[in-house]
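Each reported figure results from applying straightforward, stated rules to the coordinates on display, with no laboratory input. Note that the structure is a prediction, hence the values are computed from the model and not measured.
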Amino acid sequence: MPDKVAASLQKWHAFTAVTDGLVVGTASLSDHVVKSVFVHPDFQRRGVATRLMAAVESAAVANLVRRLDVQSSITAQPFYAKCGFVVVREETYGEERTIVMSKTISPTSE
Ligand SMILES: CC(C)(COP(=O)(O)OP(=O)(O)OC[C@H]1O[C@@H](n2cnc3c(N)ncnc32)[C@H](O)[C@@H]1OP(=O)(O)O)[C@@H](O)C(=O)NCCC(=O)NCCS
């Protein structure tokens, strides 16, 4: 079991944005999938998520990941589009609609 946890942690990169000692944003990379991208409403539209995504992409490059996938909410779609993600397909879970988006990255795209 500890081996499984350790192996999982090697594939999971989590980042936080901290301002004045407060965590105001998070983002993580699990293998090639971008997850848990959230910025506190009081700190949105200030480039926090953009910087978190730069950290995610750096981790992806370091781990030889060449394509990032994300399951985006409707509201986050413009943000991911600005980051260079393109829509692959839409999925519906009950009443929740999500958009699968993808971005090809290269070692020089940072
Ligand atoms: C989506 C989210 C992570 C963006 O975080 P952020 O720190 O505000 O993003 P940034 O300031 O780095 O935005 C960069 C660019 O993305 C685009 N963008 C970001 N939020 C946007 C929005 N709500 N509507 C339209 N465009 C948006 C803009 O082009 C923005 O540049 P600009 O402010 O110069 O116009 C944040 O709004 C959030 O946490 N939303 C709620 C949770 C969520 O939906 N998470 C995604 C789960 S998949």
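What relative contact order, as a whole-number percentage, does the chain give when Cα pairs under 8 Å and 6 or more residues apart are counted? List each step's numbers first, then the result.
Details: 166 pairs, mean separation 22.3, N = 110.
That works out to 20 percent.
Near the amide H of Val24, within less than 5 Å, lie the amide hydrogens of Ala17, Val18, Thr19, all on another chain or at least 5 residues away, with H placed in the peptide plane.
Fully extending the segment from Ala81 to His40 would add 12.8 nm, taking 0.36 nm per residue of separation and subtracting the current Cα-Cα distance. Mean-square fluctuations from a GNM of the chain, with a 10 angstrom spring cutoff on Cα atoms, peak among Val34, Val18, Val48 at Val18. Subtracting the Cα-Cα distance of Glu90 and Arg66 from 0.36 nm times their residue separation leaves 6.4 nm of extension gain. Using the Cα gyration tensor of the range 42-82, with a ≥ b ≥ c the square roots of its eigenvalues, what is the shape: rounded (a/c below 1.5), prolate (a/b larger than b/c) or oblate (neither)? Oblate, because a/c is 1.5 or more while a/b does not exceed b/c. Once divided by 2.2 N^0.38 Å, the Cα radius of gyration of the range 2-104 becomes 1.11.
Using the Karplus relation 6.51 cos²θ - 1.76 cosθ + 1.60 with θ = phi - 60°, the per-residue 3J(HN,Hα) values for the range 55-64 come to 5, 4, 5, 4, 5, 5, 4, 5, 9, 6 Hz, with x marking Gly and Pro. The alpha-carbon of Lys103 sits under 17 angstrom from the alpha-carbons of these aspartates and glutamates, leaving out residues fewer than 8 places away in its chain: Asp31, Glu57, Asp69, Glu90.
When its C-alpha radius of gyration is set against 2.2 N^0.38 Å (N residues), the range 1-54 gives a value of 1.31.
When the Gaussian network model of the chain links Cα atoms closer than 10 Å, the mean-square fluctuations of Asp69, Asp31, Asp42 top out at Asp42.
Amide H contacts of Lys35: Ser28, Leu29, Ser30, each under 5 Å away and 5 or more positions distant or on a separate chain (H built 1.01 Å from N in the peptide plane; Pro and chain starts excluded).
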